[in-house]
Structure formats: C-alpha cells, structure tokens
C-alpha cells in the first residue's frame, strides 16, 4: 500500500447494502388500492391518482353537506294590516 492511496473500506455484506438502497417501500394504502381494484389499477402512480380523485370527491361532498347554500323558497312577507299571509300553490304571494 502506498502512502498516497487512501485506505479501502469494505463492508461485510456489500450485496445487502446495495439492495437496501434501491428498494422503495410502497405505502399500505397504495398497496390496498392496487390489490382491491380488481386489476383496474396496475401501478403506484395510478393508485396515487385514484386516491387523489377520492380526496377531491370527498372534499366536494363535504362542502355541499356543510354549506348547503340558499334554498329556492322565498319567505313570506308579513302583511301591513296584520292579516295572515297565504301562499299560493307555487310558493308566491297572491
């Protein structure tokens, strides 16, 4: 060994070190989407799109549930004379 050459480091199990660095773990929910899709979802990228679509639909349904908006009925306007207000069959005042 020459003095200019740095010492060589050797791992005991180089093969397992290489394999471990290239393996990626798929999240469980992505695996479930792939497994239970009946073959429609084939890879991790498609499963991520399915999950994203599910989240968007869930947010839209939640927004409609929490904020139902205005109803189409117009509340009756009280009469000046104090007489009760009658509605017609179409929900409009006479």
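Does any residue in segment 40-63 that is within 17 Å of residue 27 (Cα to Cα) come within less than 6 Å, Cβ to Cβ, of a residue that is assigned to a loop (DSSP other than H, G, I, E, B) six or more places away or on a different chain, and which pairs are these?
44/26; 47/41; 50/41
Residues that are at pLDDT 95 or above and touching a helix residue (DSSP H, G or I) at 6+ places or on another chain (Cβ under 6 Å): find the helices (runs of 4 or more DSSP H) completely inside segment 5-94 holding 1 or more of those.
Ranges flagged: 28-36, 44-66.
The values are calculated or read from the model by the stated rules, or taken from the named source; none is laboratory data. As the structure is a computational prediction, the values presented were derived from the model and not from experiment. Note: ideal-geometry Cβ built from the backbone for every residue, glycine included; neighbour counts use all protein chains shown.
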